[in-house]
C-alpha cells in the first residue's frame with residue numbers, strides 16, 4: 001500500500017501506520033488510501049516524463065493531502081497541512097524547512113480545485129509542480145465512464161448525512177464549475193491528454209444533478 005516507483009524516500013512503517021489510521025477516520029468511500037495510491041500512480045507517470053522539479057515535496061503533499069477529511073467541512077485541507085507539518089519531521093522526512101512549508105501550501109491549494117488559475121500561480125518552479133500536483137489529484141475526472149461513476153457515487157456516499165437536495169445542488173455547482181473552465185487541467189501534460197475525456201464525464205454527470213439557475 002502507498003507504493004510509488006519514484007518515491008524519493010522510503011516510508012517508515014510508523015508513518016504508514018499513522019496514515020492508515022488517518023485515512024480510515026472517518027471511513028471514506030472515495031477519499032481513502034486507495035485514492036492516495038491512485039494519485040501516487042499519476043506521480044509516477046509525471047516522474048516517468050521527467051517533469052517533477054521537487055518530487056520530494058510533491059510526494060509528501062500527496063501522502064497527506066486528504067489525511068483529515070470530514071465531508072462538508074471547510075478546514076479539511078488546512079488541518080491536513082498542519083498534520084503534515086507536525087508528522088513529517090517526526091518520521092525523518094529529509095526535506096528542508098522551506099520544503100515542509102511548501103508541502104503545506106500544496107495541500108491547502110487542493111481546497112480550491114476548479115478555482116485556481118494559471119495566472120494566479122504565475123511562472124516558476126513552485127507553480128510548475130503545483131499545477132501537476134493539482135492535476136494528479138483531479139485526474140479521476142478523465143477516468144473511464146465506469147470508474148468516473150464509481151468516483152461520483154463514492155462522493156455521494158461521503159455526503160449522505162447532507163440533505164439530498166443540498167448535496168445535489170452543491171455537487172452540480174462543483175461539476176459545472178470544472179466543466180466551464182477553459183482548462184480543466186492546468187498543466188499541458190494532463191490538458192493535452194485528458195481534457196476531452198474529462199469534459200465528457202462531467203457533462204454526463206451533470207445530467208444527474210439539478211441546475212442552480
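Things worth noting here:
- Some residue of the range 186-205 being under 17 Å from residue 76 (Cβ atoms), in contact (Cβ under 8 Å) with a residue 24 or more places away in the chain and in a helix (DSSP H, G or I): no
- Qualifying residue in the range 136-143 (condition: at pLDDT 90 or above and not in a helix (DSSP H, G or I)): yes
- Which numbered condition residue 182 misses (of (1) surrounded by 19 or more Cβ atoms within 10 Å (Cβ to Cβ); (2) not in a helix (DSSP H, G or I)): (1)
- Matching residues, the range 144-172, being at pLDDT below 95, in a helix (DSSP H, G or I) and loosely packed, with under 12 Cβ neighbours inside 10 Å: 164, 165, 166
- Elements of type helices (runs of 4 or more DSSP H) in the range 1-105, at least 3 residues being touching a strand residue (DSSP E or B) at 6+ places or on another chain (Cβ under 9 Å) and crowded, with 18+ Cβ neighbours inside 10 Å: none
- Scanning the range 114-134 finds one or more residues that are under 25 Å from residue 32 (Cα atoms), surrounded by 14 or more Cβ atoms within 10 Å (Cβ to Cβ) and at pLDDT below 95.
The values are calculated or read from the model by the stated rules, or taken from the named source; none is laboratory data. Predicted model only: the values in this text are computed from it and were never measured. All Cβ positions, even for glycine, are placed from backbone atoms using ideal geometry, and neighbour counts span all protein chains on display.
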